[in-house]
Amino acid sequence: MLRKKSHRTVLRRSAAQAHTVASAVTSTPRLLPLGALAAGFGLLQVPALAQTAPKPAAPASAASAPAATAAEKKEATLTPVSVKAKAESDATSVRATTTTIGKGTQELRDIPQSVTVVTEKLIEDRRVDTLKEALHNTAGVTFMAAEGGEEDIRLRGFSLTASGDIYIDGMRDPAFYERDTFSFDRVELLRGSASMLFGRGSTGGVVNQVSKVPFLNDATEVNWTLGSHSYMRLTGDFNLKLGEKTALRMNVMKTDADNNGAGSKIDKQGIAPTLRWGIGTNDEFMVGFYALENNNGINYGLPYLRRNGALATSDSNPAGLIEGLDPKNYYGAASDYNKGSATYGTFNHVHRFGDGGILKTAVRHGTYDRDQRASTIRFCIAPTCAGFATQPGTEGAVLLSDATPLTRGTNNKVQDMTVTYVQSDYSNRFDWFGKKHEMLTGIDLAREEFHNYTLALPSGVTLDKNTPRTTIGTPDDGTGWVDESQRSKVLNREFTAKAIGVYAQDLVEVATGWKVLAGLRWDRFSGDYVSPGSTTFPQASRSDSLWSHRVGVLYQPNDSMSFYASHGTSFNTSGELYNYDAPGSNTPPEKSRNIEIGAKIDWFGGNLSTRVSAFHSTKYNERNRDSPAGTPIDDYLLSGKRHAAGLELDLAGRITPAWEVYGSYAWIPAAKIDAGNTDGTTLTGERVGDRPSLTPRHSGTIWSTYQLTPQWRFGGGLNARSSQTPNRNPAGIVAPHYVTGDLLAEYTYSDAVSFKLNVNNVTNKLYADSLYTGHYIPGAGRMVYLTMTGRF
């Protein structure tokens, strides 16, 4: 009882110091989520490098400190209130004021580039379990359903590969696995070229997942969710104060669901303990462990359907989705699965110097495993299935019925990966030549070992997924089971990558309200490739050294406005997917640039933030695989070019104390394949003059909630994408536009217990969520969730 009483007292004090809807609308105190509690103590993030460097740590004993001046006393009184207000907003609102995506904690208004933050509050309100679901709450993002099953994220039409552009706490998270959000309190999306900060990477930007960290109080939050299709999810977030400057935080998760089909089965569990000591002192340490086990099903999607089976594949014979199907339908084999694991440990040390400088060092070592057994679904055609279309891709609607047969192909992938990363970054403020400088510099090193395996069957053994054959009218029929354990794995290729990067960045206040940002980075990336048993291309190696830059100008006339212009570059190495072929091993990296202007403006006393940006992103030496003369080549040509240009809008915060809104919208009217080979194709086979694939003109989301009474809160939102084409732009294939709707109702029973009802995709809309050349993966159908939350 004493612990509970103390916890509530601290929570109430934290709520009183911050501007929250609870204090504005309700007359009774309410327990805040753990993120808000941590924020109330100024501990939302690990003290980290920042363009705005924090002040030196206070002396250990107040009695030993010299007497403070009146001005110093005033500053000491005001500073804690300011920090708490910022952090509380990030933790208990859909509006964020800071980000950690740029090598430390920074004010969003000081970043001359587009950043969207999906906060802990938005993650909870919209029932987000995975990284992919979180990214649905950002604009300009689409998903390619690659043939290996992994998802290739596209931003502004440019690839964000799962192997190179996804990060956890600023460190690369390179493996292919289904990422869960149970131990993260936010997801951050940086748009545009980012190699100056992160090294090798894409034109589109990067995604950063931010881990929950321990703070100095005892608090627990448990969420139990039941949903459609036997969905059950249990998460626990336990924070224990172990000493005056020491705390332990433990996050756990277990999720199960059958979703009326093996292909969408969910069976996963995770644990993430973190110990932090020396909190707030000159030397702070943290050690954390993360383990996620996935034993899920895999839905490999459905083929596109052409309108007229009598015409050959062409623009005049368009193709789209198979209409009339339930989104939850699954046609894969009963034995298909997608197993994977991610296990890593991280050590962090933060040293605060007496002059205000901060040195942060982080070391991470991790292992990843993946075992995928999937079925590629296609229409069964003559002569295999008599009476049906004789050419692939020309199946007509007139032939479609419940009896239309389907073929289950095989697409298996087994991989493992071991990684080690070391990063050290230093930040400080200086007054040089009469100007205020905010310096940020550092070094990072990486070693990644990747192994890919083929699956072989013993002589005379055949695994047949098509006896009996499934049909359009028999989804989830449980047929096609084969004994996958009979396949043995054989090493197909291995890739060892080593990288080093050194960078420096300076933010200079050149005049009142004016700041100039300049950064430069040098990278060296080397890859060694071996393909055992290959007689045509057994091994290769390549090393590349590149410079990347980032420059920007900021104009901040007051605390609520920030205007900027920026230019940045990025590069993609030939071995970015841990693979070489003969021409690729001889080809230098691709290069890209991003030009952007924008503004961030706060309204209603800082309670609502808006962001607008105009961008022009260009990949100006894209790899071309084909020889202009049609003859074999020694290396790929860097003669391709593509661009995308448009506008982006974000808004997040409160219009009134009870009314909260979040929105993200992207309009890309101009996008084009500008140059390619003489035969009209580029690396991806897209024709010169075409709009790039997976680049919808319009995309976005809107979410709004209203605190109707002290106990009841209601909300709803929409997700939308205009039409888009799959990779390689196959003639005539278009995934149509779609809009889905979500609803929320929340009831607060007491300080410690609340209930939340979510209905996602309320109309059970059938839409293509992930696209590939020959198939699409439907988005989730209607799902109903009921969550009980307990805080104590």
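Observations on the model:
- Any hit, segment 648-657, residues being among the aliphatic types (A, V, I, L, M), over 26 Å from the mean Cα position of the chain (by Cα) and surrounded by fewer than 16 Cβ atoms within 10 Å (Cβ to Cβ): yes
- Taken over segment 263-273, the criterion of being open to solvent by 20 Å² or more (accessible area, probe 1.4 Å), within 28 Å of VAL213 (Cβ to Cβ) and at pLDDT 95 or above is satisfied by GLN269, ILE271, PRO273.
- Any chance ARG521 is under 28 Å from the mean Cα position of the chain (by Cα) and open to solvent by less than 20 Å² (accessible area, probe 1.4 Å): yes
- Hits in segment 169-207 (condition: in contact with a helix residue (DSSP H, G or I) (Cβ under 9 Å, 6 or more places away or on another chain), more than 16 Å from LEU155 (Cα to Cα), of a type outside the set (S, T, N, Q) and part of a loop (DSSP other than H, G, I, E, B)): GLY170, GLU178, ARG179
Residue-wise test of (1) touching a Leu at 6+ places or on another chain (Cβ under 8 Å); (2) polar (S, T, N, Q); (3) modelled with pLDDT of 95 or more; (4) surrounded by 15 or more Cβ atoms within 10 Å (Cβ to Cβ).
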residue	(1), (2), (3), (4)
GLY332	no, no, no, yes
ASN348	no, yes, yes, yes
LYS360	yes, no, yes, yes
ALA374	no, no, no, yes
ILE377	yes, no, no, yes
ALA382	no, no, no, no
THR390	no, yes, no, no
GLY393	no, no, no, yes
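- Qualifying residue in segment 535-551 (condition: touching a residue at least 12 places away in the same chain (Cβ under 8 Å), more than 15 Å from SER570 (Cβ to Cβ) and under 26 Å from the mean Cα position of the chain (by Cα)): no
- Search result, residues across segment 328-371 that are part of a strand (DSSP E or B) and farther than 30 Å from LEU491 by Cα: PHE347, ASN348, HIS349, VAL350, HIS351, ARG352, ILE358, LEU359, LYS360, THR361, ALA362
- Restricting THR225, THR220 to residues that are among the polar types (S, T, N, Q) and farther than 27 Å from ASN338 by Cβ narrows the list to THR220.
- When segment 712-726 is filtered for residues that are touching a residue at least 40 places away in the same chain (Cβ under 8 Å) and not in a loop (DSSP other than H, G, I, E, B), the ones remaining, listed by number, are GLY715, GLY717, ASN719, ARG721, GLN724.
- A residue that is in contact with a helix residue (DSSP H, G or I) (Cβ under 8 Å, 6 or more places away or on another chain) and under 29 Å from HIS698 (Cα atoms) occurs somewhere in segment 741-751.
- Residues that are over 28 Å from TYR426 (Cα atoms) and at pLDDT below 50 number at least 2 in the following helices (runs of 4 or more DSSP H) confined to segment 46-141: 70-92.
- Against the numbered list (1) in a strand (DSSP E or B); (2) in contact with a Leu (Cβ under 7 Å, 6 or more places away or on another chain); (3) open to solvent by less than 30 Å² (accessible area, probe 1.4 Å), LEU292 comes up short only at (2).
- Of everything in segment 142-161 that is part of a loop (DSSP other than H, G, I, E, B) and open to solvent by 10 Å² or more (accessible area, probe 1.4 Å), the residue that is modelled with the highest pLDDT is ALA146.
- Residue in segment 528-539 that is under 27 Å from MET561 (Cα atoms) and open to solvent by less than 60 Å² (accessible area, probe 1.4 Å) present: no
- Scope segment 295-327; condition under 18 Å from CYS380 (Cα atoms), part of a strand (DSSP E or B) and either at pLDDT below 90 or open to solvent by 20 Å² or more (accessible area, probe 1.4 Å) (or both); matching residues: LEU305, ARG306, ALA319, GLY320
- Within segment 596-614, residues that are more than 11 Å from SER560 (Cβ to Cβ) have Cβ atoms under 7 Å from residues that are open to solvent by 40 Å² or more (accessible area, probe 1.4 Å) and in a helix (DSSP H, G or I) in no pair, counting only partners at least 6 apart in sequence or on another chain.
- Pick from segment 472-518, criterion part of a strand (DSSP E or B) and among the aromatic types (Phe, Trp, Tyr), ranking: farthest from VAL551 (Cα to Cα): PHE495
- Segment 175-200: number of residues that are under 30 Å from ASN621 (Cα atoms), open to solvent by less than 10 Å² (accessible area, probe 1.4 Å), within 14 Å of the chain's Cα centre (by Cα) and not charged (D, E, K, R): 3
- Matching residues, segment 229-262, being open to solvent by 30 Å² or more (accessible area, probe 1.4 Å), out of contact with any His (no Cβ under 9 Å at 6 or more places or on another chain), of a type outside the set (Asp, Glu) and not in a strand (DSSP E or B): HIS229, SER230, LEU242, LYS245, ALA262
The values are calculated or read from the model by the stated rules, or taken from the named source; none is laboratory data. This structure is a prediction, so every number in the text was calculated from the model and none was measured. Cβ coordinates were reconstructed from backbone atoms using ideal geometry, including for glycine residues, and neighbour counts include every protein chain displayed. Accessible surface areas use protein heavy atoms only, side chains included; no ligands, DNA or RNA. Shrake-Rupley method; radii C 1.70, N 1.55, O 1.52, S 1.80 Å.
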